[in-house]
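Below is one structure, written out as structure tokens, with a few remarks after it.
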Amino acid sequence: MTQWSIALTWVLTWKGASVLVRRLTGGVAVATLVALAGSAGTAAASASPASDPGHHGRVVPTSDHGRGASVPFTEYSAAGSDTNGTVIGPSDNLYTLPAEAVGRTAVTLSGSGQYVDFTLAKPANAVDLRYSIPDSASGSGLTTPLKLYVNGQQRPDLTLTSTYTWFYGSYPFTNEPADQHGHHMYDDVRTMLGRTMPAGTHVRFEIANPSIPVTIDVADFQEVAPPAPQPAGSISVLSYGADPSGQTDSTTAIQNAINAGSTQGKAVYIPAGNYLVTAHLIVNKVTLTGAGEWYSVLEGDDVGVYGNLPPSPSTNVHLSNFAIFGDVTDRVDSADVNGIGGGLQDSTISNVWIQHVKAGIWMTGPFTGLRISNVRIQDTTADGINFDGGITSSSVTNTYVRNTGDDGLALWSSGAADSGDSFSHDTVVLPILANNFAIYGGSDNSVTHDYATDTITQGGGIQVGNRFAAVPLAGTTTIADNTLVRTGTLDPNWRFGVGAIWFYASDSEGMTGTINVDHNTVLDSPYDAFGFVGDYIPNATPPAYAIDNVHINHDIVRNTGTFVFQLQSAGSDDTISNVVASGVGMDGEMACAYGITPTYGTGNSGWSGSECAFPPFDYLSTSTSSLDFGLVNLNTESPSQSVTITNPGPDAASISGVYATNGFAETNNCPATLAVGASCAATVTITPTAVQQYQGNLVFDANPINNPFAPYVVSLSAAVYNPNGNLALTAAASADNTLAGFPAGNANDGNQATYWQAANSAGVLTLALAEPAPVDRVVLELPQGWGDRNQTIEVDGSTDGSTWTTLVPSASYLFSASNADGNNVVTISIPADATVSYLRLDVSDNTVQGAPQIAEFEVFSN
């Protein structure tokens, strides 16, 4: 789920002294913050001990006594292995390499001959290595080799890249280093080692180019089985012309094989190879299987396997034994570049490896009966798996998810309730944004026997909430028998900690559905173990939305940085019993009269006391988090807007620079040192030179003490209104139905080669203009080179988006290379005096495709 900036007004009482407690957990130093927000201290990087030939390294747990996924690999920590590099961490300071490493520690190799040497505890013939290298100055990434040795014998180098890493600025993030706040730093590379290596084998990774430092986090060693043979009676994609070398595009060949398998009732087999796929593969009533996740790989810019969208989702689809490796290098929420998507009713997904896509699996409901198991998802720019809207009686089990750009596993009851769904025996590690597990609304769903570690920001290990306009929580939600390690974070917008398990009433209904939280174990939470947060209600009593009917029972808490319970909501009928805690950083409860009144049962121990206090830390405040210049004129300087930054103390802050990005300009009066209580301001303008949307940032490079959030970034936006240009370029496009992979946004992206296509035989394509305009004509395009086709089109207008007037009655239009206005270009005149805020096309009767298609929907004013 998207985690946008939320500005809450909380009245906070700051007290308590800064105390930093350090401890050992599982043999690795872990820093626990107590009253020093967002930081695990200033643990400096320190050189590791000298190489010890007898040192076998540390195996990293991926589950806990039946909680979590049973994975086919053994994970080893670089920081716990033989190395002459530099061990960094432990630290959970945002925007640092240790914070995004498993266990908050890693090893940096920066000098000639530096290495990490792993000693195998189990036989293996393959390895997946998690690493980080720096970004390029342009933000496009670097590549560098890494030497590989097995028992001293050199093997082919690995190629490391930062093409898929390093995002900057504020959500949804950019690839511009100037926007600061670099994060999403790690990636994975995998390789086969040949024959199986026995336990005791030394596998060494050594820096090859000391000018580019390499940070190694963990290595996942695995004994991979031989390729699975073609099932009897199945269809091979090779027989339809698919290219296993990846040199030519196999999209059409594989799709033809899938269509044949669906028609003939036969499985479709993907032999070992790397297949270039440049569009969605559409599956329905078919089994698609490969030789194995390490052998059969679908890869490409727009690769994805998709079911048909509801209300007619695909059914009886079975996907297994292959990998999907995308080429997604940024986060664009409108881009349909997920590994697996659409609707898959009464279907299964198993033994699939997904990497470098937007979301690993994004399912769009309503539908029922999907079973996902034994899946591995890594290095996405958004969620790992999301059940979006009305998905019922479905499950995810024994699945491993790491390094997602948003929630690891999520249920989002958008428009319709997810119900009867379960996440069980899954492991989610290092969601870079948001939660390991999340339930947004819905009814009778569960998160059980799962294992979560190392949340980064704006989330916790498990969240249950009414937010993102989800259908409100109902029935009984079960959170049971889970283990959460180092989960929960400091939210940089709220400026307070988020719990390892937390409940959030964001939507106006509050939360009334029953939530049972039983037999969970919370270990090493940097902040609170359990958090109740209700959005603030100004001038109300109580001042926050309510969270009711949460029942916490028989849970264990070991080592929290702040509180066992952080109570920031109203609520009643909440009960707490048999919660046993130790190592509590501040107090049993943080309660500031928000109106919640839990009932305390028997068996609670190891925690007591209540206070209204937050850990103190220094931060500056900006007068706004964003500036929207609205519509501005081409080649004309906009009116100015200003942002004030204030230092409330208790220490002076240094300001090393203030600047604006992406076409915006600023002037400021900020001094090099901003005294306690002082403010300074920056004034921003833009002089646009193109008809487009402009987005940038105003950056205050300021650094007060104990603050992990510097620099401070204010987002900037503007749209150009040019009455003599194409108004669609700054409009928002939507459609009532869309074929997966061909979104409405393709129709106003200024590119005649990309197009919207409806999923049905008729469709409505709508543009919301940036401002009301007297429209003179619309120009419709299809890609050049397409054959002649007719489409029936009606043009409607509206001032409010709900009441529509027919501007041009329905008629048939020919799209042809010989059109008078250009190759496949059709111009439709609009009657005079039609001033509208919205335009829509009702399109049907495509004489070639059968479904509406529009490449460009251009709009011009009088």
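Please work out if K285 is in contact with a Ser or Thr (Cβ under 9 Å, 6 or more places away or on another chain), closer than 24 Å to D336 by Cα and open to solvent by 20 Å² or more (accessible area, probe 1.4 Å).
yes
Out of the residues in the range 141-170 meeting the condition of being on the phi > 0 side of the Ramachandran plot and not polar (S, T, N, Q), tell me which one is modelled with the lowest pLDDT.
G169
Tell me which residues, restricted to the range 288-318, are assigned to a strand (DSSP E or B) and open to solvent by 20 Å² or more (accessible area, probe 1.4 Å).
Scanning the range 288-318 gives E299, T315, H318.
Given the criteria free of Cβ contacts under 8 Å to residues at least 24 places away in the same chain and either open to solvent by 40 Å² or more (accessible area, probe 1.4 Å) or in contact with a strand residue (DSSP E or B) (Cβ under 8 Å, 6 or more places away or on another chain) (or both), does Q154 qualify?
Taking the combined requirement at face value, the residue satisfies it.
Across the range 207-242, what is the number of residues that are of a type outside the set (S, T, Y), open to solvent by less than 30 Å² (accessible area, probe 1.4 Å) and not in a strand (DSSP E or B)?
4
Within the range 838-862, restricting attention to residues that are open to solvent by 20 Å² or more (accessible area, probe 1.4 Å) and in a strand (DSSP E or B), which residue is modelled with the lowest pLDDT?
That would be F860.
Within the range 287-300, identify whether any single residue is over 27 Å from G194 (Cβ atoms) and among the hydrophobic types (A, V, I, L, M, F, W, C), and answer yes or no.
yes
Residues of the range 185-206 being touching a Gly at 6+ places or on another chain (Cβ under 9 Å) and open to solvent by 40 Å² or more (accessible area, probe 1.4 Å), which ones?
Answer for the range 185-206, where residues must be touching a Gly at 6+ places or on another chain (Cβ under 9 Å) and open to solvent by 40 Å² or more (accessible area, probe 1.4 Å): H202, R204.
Taking the residues in the range 260-282 that are open to solvent by less than 10 Å² (accessible area, probe 1.4 Å) and among the aliphatic types (A, V, I, L, M) as candidates, determine which candidate is farthest from G300 (Cα to Cα).
That would be V268.
Could you figure out which of (1) exposed (fewer than 15 other Cβ atoms within 10 Å of the Cβ); (2) on the phi > 0 side of the Ramachandran plot isn't true of S818?
S818 satisfies every listed condition except (2).
Across the range 117-150, which residue is surrounded by the fewest Cβ atoms within 10 Å (Cβ to Cβ) among those that are within 30 Å of the chain's Cα centre (by Cα) and among the aliphatic types (A, V, I, L, M)?
The residue in question is A137.
Filter the range 559-604 for residues that are among the small types (G, A, S), part of a loop (DSSP other than H, G, I, E, B) and surrounded by 16 or more Cβ atoms within 10 Å (Cβ to Cβ) and give the result.
G561, S569, G585, G595
Tally up the residues in the range 680-704 that are part of a strand (DSSP E or B), open to solvent by less than 20 Å² (accessible area, probe 1.4 Å) and farther than 18 Å from E176 by Cβ, please.
Of the residues in that region, 3 qualify.
Pairs needed: first member in the range 272-284, on the phi > 0 side of the Ramachandran plot and in contact (Cβ under 8 Å) with a residue 12 or more places away in the chain; second member anywhere, open to solvent by less than 50 Å² (accessible area, probe 1.4 Å) and part of a strand (DSSP E or B); C-beta distance under 8 Å; at least 6 residues apart or different chains.
Once the first residue is on the phi > 0 side of the Ramachandran plot and in contact (Cβ under 8 Å) with a residue 12 or more places away in the chain and sits in the range 272-284, its partners that are open to solvent by less than 50 Å² (accessible area, probe 1.4 Å) and part of a strand (DSSP E or B) give G273/S296; G273/V297.
To keep it simple, each residue is scored yes or no on (1) open to solvent by 50 Å² or more (accessible area, probe 1.4 Å); (2) under 20 Å from I254 (Cα atoms).
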site: S320; (1), (2): no, yes
site: D327; (1), (2): yes, yes
site: D330; (1), (2): yes, no
site: D333; (1), (2): yes, no
site: N338; (1), (2): no, yes
site: L344; (1), (2): no, yes
site: T348; (1), (2): no, yes
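Please find, within the range 546-558, the residue that is modelled with the lowest pLDDT out of those that are open to solvent by 10 Å² or more (accessible area, probe 1.4 Å), part of a strand (DSSP E or B) and not charged (D, E, K, R).
Of everything passing the filter in the range 546-558, A546 is modelled with the lowest pLDDT.
Quick check, is W502 surrounded by fewer than 24 Cβ atoms within 10 Å (Cβ to Cβ), more than 23 Å from W166 (Cα to Cα) and either among the aromatic types (F, W, Y) or within 18 Å of the chain's Cα centre (by Cα) (or both)?
Spelling it out, it is not the case that W502 is surrounded by fewer than 24 Cβ atoms within 10 Å (Cβ to Cβ), more than 23 Å from W166 (Cα to Cα) and either among the aromatic types (F, W, Y) or within 18 Å of the chain's Cα centre (by Cα) (or both).
Filter the range 434-458 down to the residues that are open to solvent by less than 10 Å² (accessible area, probe 1.4 Å) and on the phi > 0 side of the Ramachandran plot and list them by number.
A434, G441, G442, D454
Give G182, G241 a once-over and let me know the one that is more than 26 Å from L160 (Cα to Cα) and either touching a residue at least 60 places away in the same chain (Cβ under 8 Å) or more than 32 Å from the chain's Cα centre (by Cα) (or both).
Matching residue, one of G182, G241: G241.
The values are calculated or read from the model by the stated rules, or taken from the named source; none is laboratory data. The structure presented is a predicted model; accordingly, all values stated were derived computationally and were not measured. Neighbour counts are summed over all protein chains in view; Cβ atoms, including those assigned to glycine, are modelled from backbone coordinates with ideal geometry. Just so you know, the surface numbers come from the protein's heavy atoms only, side chains and all, with ligands and any DNA or RNA stripped out. Shrake-Rupley method; radii C 1.70, N 1.55, O 1.52, S 1.80 Å.
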